[in-house]
Structure formats: structure tokens, C-alpha cells
Amino acid sequence: MGRRRRGHRGPQRAEKVEQKRRTEFEASQRRLLRRRNVLGALSLVPLAAVFFNAPFGPLDMFGIPPLDGWLLVLAILFGSFLGLTIRMVLERRQFR
């Protein structure tokens, strides 16, 4: 009467584990996407500074010319953006 068979709930548990894995993956992708979008928006600032030939730069105190300083910041932000994009693609492939 009170005995349960082992393995009776196996498929349900596997389903729950898969659902949990999927929700964690989707949450991770949303966080990465939000971070990537912020970096993409931030990269517009140095791009605009270079385009409008800003008379000051982020690294003026170190004696680096404004154009070079803005291009350095742009390269850093764009590299981070590209790295997050590659990470998202690789994680998506690994998930599948």
C-alpha cells in the first residue's frame, strides 16, 4: 500500500531538471544581452567625440593626444562588446 516504485517519477524529474536548465540559460542570456547593449550605447560617446573632433580627451593628463585617447576608449568598449557577442553565441551553441 505505502510502497512506491523506484523510478516512478524519473521522467518528471528529468523534465524539471531540463526546465530549470533552460530557465537558467535564458536568464544568463538576458543578462549578457543587457550588458552588451549598455556597452554598445557607451561606445557611441567616444565615436561621437572622434567624429566631432573633441578638443579634450580622456587621457589628456598622461600627455596622450585627444584623438588617440578617444580611439583607445572606443577600442576597449568595442572589444568588450565583441567579446560578449562571441560569448553569447558560444553559450547558445553549447546549450543546444
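Just so you know, all these numbers are worked out from the coordinates, no wet-lab data involved. Here the structure is a predicted model, which is why all the values come from computation and not from measurement. Cβ atoms come from the backbone with ideal geometry, glycine included; neighbour counts cover every protein chain shown.
At 0.36 nm per residue, and after removing the present C-alpha to C-alpha distance, how many nm does the segment from Arg93 to Phe56 gain when stretched out fully? Display every interim value, and only then the final one.
Values: separation 37, 0.36 × 37 = 13.32 nm, distance 4.32 nm.
Using 0.36 nm per residue and subtracting the Cα-Cα distance, I get 9.0 nm.
Label point 7 Å out from Leu47 along Cα-to-Cβ: which residues of region 62-78 have amide N under 17 Å? Within reach of a label on Leu47, which here means backbone N under 17 Å from a point 7 Å along Cα→Cβ, region 62-78 contributes 70-78.
Altogether, the Stokes-Einstein calculation at 37 °C and 0.692 mPa s, with the Kirkwood radius of the chain over Cα pairs as Rh, returns a diffusion coefficient of 193 µm²/s.
Can you bin region 45-89 into rounded, prolate or oblate? Criterion: square roots of the alpha carbon gyration tensor eigenvalues sorted a ≥ b ≥ c, rounded for a/c under 1.5, prolate for a/b above b/c, oblate for the rest. The partial results should precede the final answer.
Details: a/c = 4.67, a/b = 2.23, b/c = 2.10.
Prolate, because a/c is 1.5 or more and a/b exceeds b/c.
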